[in-house]
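A.B. asks: This structure is in structure tokens; I'll ask about it shortly.
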């Protein structure tokens, strides 16, 4: 019963993420769906995968989405889609076929029992690939964040430098106008 409720809540949160009018709200709904999915994974007996989903899916990805939305703004671009419709449809179809194949019981598969041993043995020997994937994802997120924070142009091309240069140019033009007005008056008095 609990698992069915978690699935329903996850799907409802994901649907709200698609329906939200603002990108920021959509990112927050997606974080909620990821957190509930992590709870479902924990209930299914996969605590390490649940931790990865919670830390990367609900944590790191959400922070990156919110930061990117705040930096770039919420205005959408009008233009052709980045991914062709046929490629997106094919990817969804492949994902559904794989999900169906993995949901069916495999013949000859034995029940997987709990891993015995210390935490270090469990983490680095039995779950080493999960830990490696999480480290790579966190590293990629940090690099993405650094890329978002990096300067896009030379220091003199930044908005503050442009504003200072424009103010200086206006001051020079005002000085030239003043000099042009003063010069004819001096010639008349001489």
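The values are calculated or read from the model by the stated rules, or taken from the named source; none is laboratory data. Keep in mind that this is a model prediction, so the values were computed, not measured. Counting neighbours? That spans all protein chains shown, and the Cβs are built from the backbone with ideal geometry, glycine included.
A.B. asks: With respect to residue 164, is the statement that it is within 30 Å of residue 62 (Cβ to Cβ), outside the structural domain of residue 57 (by TED's automatic domain parsing), in a helix (DSSP H, G or I) and modelled with pLDDT of 70 or more true? Let's see the steps before the verdict.
C.D. replies: Numbers: within 30 Å of residue 62 (Cβ to Cβ): no; outside the structural domain of residue 57 (by TED's automatic domain parsing): yes; in a helix (DSSP H, G or I): yes; modelled with pLDDT of 70 or more: yes.
No, not satisfied.
A.B. asks: For the range 12-58: of the residues being without any contact (Cβ under 8 Å) to a residue 12 or more places away in the chain and in a helix (DSSP H, G or I), which is nearest to residue 1 (Cα to Cα)?
C.D. replies: 42
A.B. asks: Can you tell which of 85, 56 is at negative phi and under 18 Å from the mean Cα position of the chain (by Cα)?
C.D. replies: On inspection, the qualifying residue turns out to be 56.
A.B. asks: Another question, if that's okay. Kindly evaluate residue 51 against the criterion of being in contact with a helix residue (DSSP H, G or I) (Cβ under 9 Å, 6 or more places away or on another chain), crowded, with 17+ Cβ neighbours inside 10 Å and closer than 18 Å to residue 134 by Cβ.
C.D. replies: Taking the combined requirement at face value, the residue satisfies it.
A.B. asks: Picking from 113, 57, 79, which residue would you name as being over 26 Å from residue 132 (Cβ atoms) and either at pLDDT below 75 or surrounded by 16 or more Cβ atoms within 10 Å (Cβ to Cβ) (or both)? Explain how you work it out, then say what you get.
C.D. replies: Values: 113 fails: over 26 Å from residue 132 (Cβ atoms); 57 fails: over 26 Å from residue 132 (Cβ atoms).
The unique qualifying residue is 79.
A.B. asks: Out of 153, 147, 171, 141, report the one residue that is loosely packed, with under 11 Cβ neighbours inside 10 Å, modelled with pLDDT under 70 and assigned to a helix (DSSP H, G or I).
C.D. replies: 147
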